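Engineer: Please see the structure below; I have some questions.
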């Protein structure tokens with residue numbers, strides 16, 4: 001069946017005014033990337049609970065608020081010290097939630113999430129700076145908590161047990177895992193518009209199912225049958241990596257805005273075009289890598305996404321920044 005994310009971003013790439021995909025560079029990168037050992041990423045972390053159901057619920061919990069870890073004014077990154085080491089960025093958020101869980105707070109329970117206060121979150125996410133967008137995180141936790149209580153006995157793993165293990169329902173009834181996720185938990189729904197067209201990204205929703213698949217791959221408990229329908233996860237780091245490789249090229253004013261730390265507006269043409277081009281470029285890059293590899297070494301798009309994200313996550317290079325709960 002057609003991929004709704006790819007179908008929606010392709011027209012944006014064709015009509016883009018601020019971002020272009022450089023074909024020569026794409027083929028150049030594919031040539032050396034095809035020779036690499038492109039394995040699935042290891043998402044295992046010492047911060048994950050050991051019990052499988054708790055681990056599933058924990059992955060869901062932190063992906064509900066997996067966005068905005070950089071102070072928008074100072075660009076200082078959120079950090080926290082826990083379990084004898086310092087964590088930063090996304091891992092700092094995860095460490096805070098694990099610290100709360102280890103301290104006896106039932107953060108995996110929908111009833112607890114539904115009744116959280118801003119003061120509760122300030123204590124849970126105590127770190128080097130105030131966690132950005134804390135009000136938005138509180139609203140999401142409450143929304144998710146209420147729905148878990150009303151429909152899923154208070155825990156996310158009950159959601160996973162319902163319906164087919166496919167991202168998209170081939171019958172068109174929106175009963176797939178990704179479709180149900182964005183319908184049941186609206187905070188996961190990630191879309192924009194571009195020149196009058198609706199554009200789907202679903203970054204956090206797709207990333208959640210990729211993490212679940214990677215973490216539980218060996219147990220065969222969760223086998224998503226259409227995992228090849230996942231696209232790249234349109235965030236900050238992957239477009240920066242594609243830009244540094246020369247695959248994505250920005251028009252001069254956009255390049256200058258990013259270099260000087262200017263914020264890009266949520267749903268602005270520039271922001272939407274960066275995200276759309278990221279997904280489409282990784283789609284094409286994956287296809288070219290697969291063309292150059294033997295049949296038994298074919299890969300899917302999140303593997304290329306992980307290859308780019310891992311190498312550039314800690315670079316000092318500037319990336320675009322947007323006030324958004326999408327990524």
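The values are calculated or read from the model by the stated rules, or taken from the named source; none is laboratory data. The structure displayed is predicted, hence computed values, not measured ones. Every residue, glycine among them, receives a Cβ derived from its backbone with ideal geometry; neighbour counts consider all protein chains shown.
Engineer: Only residues that are under 16 Å from the mean Cα position of the chain (by Cα), closer than 12 Å to residue 156 by Cβ and either modelled with pLDDT under 95 or in a helix (DSSP H, G or I) (or both): list them for region 178-187, please.
Structural biologist: Result: 181, single match.
Engineer: Under 7 Å by Cβ, and 6 or more places apart or on different chains, what pairs join a residue from region 135-161 that is on the phi > 0 side of the Ramachandran plot and touching a residue at least 12 places away in the same chain (Cβ under 8 Å) with one that is in a helix (DSSP H, G or I) and surrounded by 15 or more Cβ atoms within 10 Å (Cβ to Cβ)?
Structural biologist: 154/110; 154/148
Engineer: Just give me the residues in region 205-245 being farther than 22 Å from residue 298 by Cβ, more than 16 Å from the chain's Cα centre (by Cα) and touching a residue at least 40 places away in the same chain (Cβ under 8 Å), in sequence order.
Structural biologist: Within region 205-245, 219, 221, 244 qualify.
Engineer: Consider region 183-204. How many of its residues are surrounded by 19 or more Cβ atoms within 10 Å (Cβ to Cβ) and without any contact (Cβ under 8 Å) to a residue 40 or more places away in the chain?
Structural biologist: The total comes to 0.
Engineer: Under 6 Å between Cβ atoms, at least 6 apart or on separate chains: pull out the pairs that start in region 88-108 with a residue that is free of Cβ contacts under 8 Å to residues at least 24 places away in the same chain and end on any residue that is part of a helix (DSSP H, G or I) and buried (at least 16 other Cβ atoms within 10 Å of the Cβ).
Structural biologist: Once the first residue is free of Cβ contacts under 8 Å to residues at least 24 places away in the same chain and sits in region 88-108, its partners that are part of a helix (DSSP H, G or I) and buried (at least 16 other Cβ atoms within 10 Å of the Cβ) give 106/112.
Engineer: Please enumerate the residues belonging to region 298-309 that are touching a residue at least 12 places away in the same chain (Cβ under 8 Å) and farther than 18 Å from residue 275 by Cα.
Structural biologist: Listed by number, the residues that qualify are 299, 300.
Engineer: Could you list all residues from region 297-319 that are within 13 Å of residue 239 (Cα to Cα) and assigned to a helix (DSSP H, G or I)?
Structural biologist: Across region 297-319, the qualifying residues are 304, 305, 306, 307, 308, 309, 310, 311, 312.
Engineer: Which ranges mark the helices (runs of 4 or more DSSP H) fully within region 116-177 that have 3 or more residues being in contact with a helix residue (DSSP H, G or I) (Cβ under 6 Å, 6 or more places away or on another chain) and more than 17 Å from residue 105 (Cα to Cα)?
Structural biologist: So the answer is 134-151.
Engineer: Report whether or not residue 253 is over 14 Å from residue 322 (Cα atoms) and either touching a helix residue (DSSP H, G or I) at 6+ places or on another chain (Cβ under 8 Å) or modelled with pLDDT under 95 (or both).
Structural biologist: no
Engineer: Let me ask another. Among the residues of region 91-104, is any modelled with pLDDT of 95 or more, over 23 Å from residue 261 (Cα atoms) and outside any helix (DSSP H, G or I)?
Structural biologist: Yes, region 91-104 contains a residue that is modelled with pLDDT of 95 or more, over 23 Å from residue 261 (Cα atoms) and outside any helix (DSSP H, G or I).
Engineer: So which residues in region 105-115 are under 23 Å from the mean Cα position of the chain (by Cα) and part of a loop (DSSP other than H, G, I, E, B)?
Structural biologist: Residues satisfying the conditions are 107, 108, 109.
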